[in-house]
Amino acid sequence: DALPISSLSAASEGPGAFSNPMFKSHEDYVQAQRSKTDGLLKQDASAVPNWVTREDVQFLARHMQMEMHLPFHQKIALVHGTRSGREQSWFMEFLPGVRVLGTELSPLAAGPNTVVMDFHEVKPEWIGQADFVYSNALDHSYNATFAVQQWMKEVSPEGMLIVEWSMMHTKAGLHGKVDIFGGTLQEFQDLIRNAGPFQIAAVVKNPKVGERRTHYIFAKHADHA
């Protein structure tokens, strides 16, 4: 298996480029992020709210197949900040043959397809191996530029990084020490472009009508444009 599951203690190499004056330390950041997730995951699993719906994942899977024409050579993908684990299950439902792993800070999220770890870290065996990396949790990053750089390390040469943006990802959606990074759709795109030799391949609006105005930013390695 190209992407074995292991724990944070076994796989993490430390907090990396941790830098955020909001937190006293990386451990302070971890505890703040876990505060909400732990509380939710202590409930009945079926009662845990999911920001992303099955229909959202179905739309993304079809778009990657029919519009982006991703080759899916690696048969591996990553979802960062997955909480309940439903997202990777849905992706595997709509992309048969592709194994999808999720990352989450809370040990309560551990499961057959969820790795307990900080999504700012990159396992050596994940480098260049993911057909796609998806996250709707960039707003939980202590260093959004660093997070994008790390996620793009995991994206295969022909793969895609998919960053979800909505009105809740703007500065108006910031909340204490949990939702800590925000920006406009344009600012999210600029951040990704400026993070490294990356290119925005497409910005796609979720077809559902709603106040969130959800968009998906598809980014790829510029030297494989």
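Quick rundown of the values:
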read-out	value
Rounded to the nearest 10 Å², the accessible area of Phe198 at probe 1.4 Å	30
Protection-proxy order for peptides 147-157, 25-35, 109-119, each taking the mean of Cβ atoms within 10 Å per residue, highest first	147-157, 109-119, 25-35
Inter-label distance for Asn50 and Thr145, nm, one decimal - labels placed 7 Å from Cα along Cα-to-Cβ	3.5
Inter-site label distance for Phe18 and Lys42 at 7 Å from Cα along Cβ, in nm	2.4
Dipole-positive endmost among Phe198, Asn136, Leu105 within the range 66-225 (Cβ charges, Cα centre)	Asn136
Antiparallel DSSP beta bridges within the range 108-225, as percent of all bridges there, nearest 5	75
Of His63, His215, His140, the one that fluctuates the most in a GNM where the chain has Cα springs shorter than 10 Å	His63
Value of relative contact order over the range 45-139, rounded to a whole percent, pairs C-alpha under 8 Å and six or more apart	31
Rounded if a/c under 1.5, otherwise prolate or oblate - the range 111-199, Cα gyration tensor axes	oblate
Per-residue [θ]222 nm for the chain (sum of -39500 (n - 2.57) over DSSP H runs n ≥ 4, rounded to 500)	-7500 deg cm²/dmol
Cα-based Lys proximity count in the chain, under 12 Å, for pairs eight or more positions apart or on separate chains	4
The range 180-225 shape via C-alpha gyration tensor axes, a/c threshold 1.5	oblate
Label-point separation, Asp28 to Gln65 (7 Å along Cα→Cβ), nm	4.7
Solvent-accessible area per residue, Å², over the range 96-207 with all protein chains present [probe radius 1.4 Å]	35
Ala201-Ser35 FRET efficiency (beta carbon distance; Förster radius 41 Å; 0.05 resolution)	0.70
Computed magnitude of the charge dipole of the chain (debye, nearest 20; Cβ of K, R +1, Cβ of D, E -1)	380
Mean separation of Cα contacts under 8 Å, 6 or more apart, over the residue count of the chain: relative contact order %	19
Extension gain, Asp223 back to Ala172 (0.36 nm per residue minus Cα-Cα distance, nm)	14.8 nm
DSSP beta bridge pairing in the chain, given as percent antiparallel to the nearest 5	45
Charge-dipole axis of the chain as Lys and Arg at +1 and Asp and Glu at -1 on Cβ define it, positive-most pick from Trp151, Gln189, Ala77	Gln189
Top of Leu105, Leu40, Leu138 by mean-square fluctuation, Gaussian network on the chain, Cα under 10 Å	Leu40
Whole-percent carbon and sulfur share, accessible surface of the chain, 1.4 Å	53
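The values are calculated or read from the model by the stated rules, or taken from the named source; none is laboratory data. What you are looking at is a predicted structure, and each value in this text was computed from that prediction instead of being measured. As a convention, Cβ positions derive from the backbone with ideal geometry for all residues, glycine included, and neighbour counts pool all protein chains shown. Accessible surface areas use protein heavy atoms only, side chains included; no ligands, DNA or RNA. Shrake-Rupley method; radii C 1.70, N 1.55, O 1.52, S 1.80 Å.
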